[in-house]
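Some notes on the structure that comes next.
The values are calculated or read from the model by the stated rules, or taken from the named source; none is laboratory data. Quick caveat: nothing in here was measured; it's all calculated off a predicted structure. Here the Cβ is made from the backbone with ideal geometry for all residues, glycine too, and neighbour counts use every protein chain on show. Side chains included, ligands, DNA and RNA excluded: accessible areas come from the protein's heavy atoms. Shrake-Rupley method; radii C 1.70, N 1.55, O 1.52, S 1.80 Å.
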Amino acid sequence: YVASFPFIINQTAANVWHQSIYNSYEGNNYWCANEDGNGYNNEWVQYLDTPTIFIPENSELSVDMTWNIEPWQGAEVSGTCVDGWDQANVQISTNGGQSFEILHGSTIYDFECGYGSVFNGYSGMPGWGGYRDWHDVSFNLSHYANENIIIRFAFYSDPAVTNLGFQIDNIKISQNHTGNYIFLDDAENEMLM
């Protein structure tokens with residue numbers, strides 16, 4: 001499922017996504033935070049993108065994720081749509097990265113309009129916040145069959161309160177649940193992100 005509103009987004013700061021063993025699920029993972037263990041900073045816009053991938057019919061994205069982000073409950077900013085604070089989400093592009101749309105998966109977003117995106121000048125986007133331990137999230141890519149796509153793992157933080165960040169591992173795109181991967185990056189040897 002994809003939100004009906006496309007939006008243009010550009011990264012506004014140096015990319016801090018990196019390979020790490022910190023709080024690992026298995027082996028290395030990709031962590032959006034400072035390696036010193038202090039987590040992420042305020043006012044961040046951070047992206048981790050796949051290369052362009054051709055998607056055959058009946059394909060699915062699966063990724064292991066964990067996050068320890070500012071709690072989202074009670075968020076409200078006068079004059080805005082805000083119902084969450086700092087946020088992580090997954091996005092997809094079908095035009096070579098010129099624009100992206102929100103990609104919805106098996107773990108429902110916690111809120112619809114995060115201050116992390118609004119504060120940084122973007123349309124309010126859904127996102128995850130608070131704490132969630134390692135778990136698998138899957139995304140049906142059938143809508144994108146026979147297209148070239150880019151998957152983006154995105155993180156946005158507002159001007160106050162930080163935590164440990166957003167981590168992902170075992171990024172897999174497969175067809176018909178066969179175990180034959182169209183794309184695979186486990187943050188170990190050949191990193192493709």
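For C81, the criteria (1) closer than 23 Å to Y181 by Cα; (2) surrounded by fewer than 22 Cβ atoms within 10 Å (Cβ to Cβ); (3) of a type outside the set (S, T, Y); (4) over 15 Å from the mean Cα position of the chain (by Cα) hold in every case but one, which is (1).
Pairs are defined by a Cβ separation below 6 Å, a sequence spacing of at least 6 or placement on different chains, a first member in the range 90-104 that is in contact (Cβ under 8 Å) with a residue 24 or more places away in the chain and surrounded by fewer than 21 Cβ atoms within 10 Å (Cβ to Cβ), and a second member that is assigned to a strand (DSSP E or B) and of a type in the set (D, E, K, R); the pairs so defined are T94/E147.
Taking first residues from the range 174-193 that are without any contact (Cβ under 8 Å) to a residue 12 or more places away in the chain and assigned to a strand (DSSP E or B) and partners that are of a type outside the set (K, R) and open to solvent by 60 Å² or more (accessible area, probe 1.4 Å), the Cβ contacts under 9 Å between residues at least 6 apart in sequence or on separate chains come to Y181/Q175. The residues of the range 45-102 that are hydroxyl-bearing (S, T, Y) and in a strand (DSSP E or B), listed by number, are Y47, S59, S62, T66, S93.
Just to check your reading of the model, which residue among F100, F155 is under 25 Å from M193 (Cβ atoms) and touching a Cys at 6+ places or on another chain (Cβ under 7 Å)?
Result: F155 is the single residue among F100, F155 that is under 25 Å from M193 (Cβ atoms) and touching a Cys at 6+ places or on another chain (Cβ under 7 Å).
Of the residues that sit in the range 20-44 and are in a strand (DSSP E or B) and of a type outside the set (S, T, N, Q), which one is modelled with the lowest pLDDT? The residue in question is G39.
The residues of the range 105-118 that are of a type in the set (F, W, Y) and surrounded by fewer than 22 Cβ atoms within 10 Å (Cβ to Cβ) amount to a single one, Y109.
Checked across the range 149-156, the condition of being within 16 Å of W72 (Cα to Cα) and either touching a strand residue (DSSP E or B) at 6+ places or on another chain (Cβ under 6 Å) or at pLDDT 95 or above (or both) holds for at least one residue. Restricting attention to the range 23-36, the residues being touching a residue at least 24 places away in the same chain (Cβ under 8 Å) and either among the small types (G, A, S) or more than 15 Å from I69 (Cβ to Cβ) (or both) number 8.
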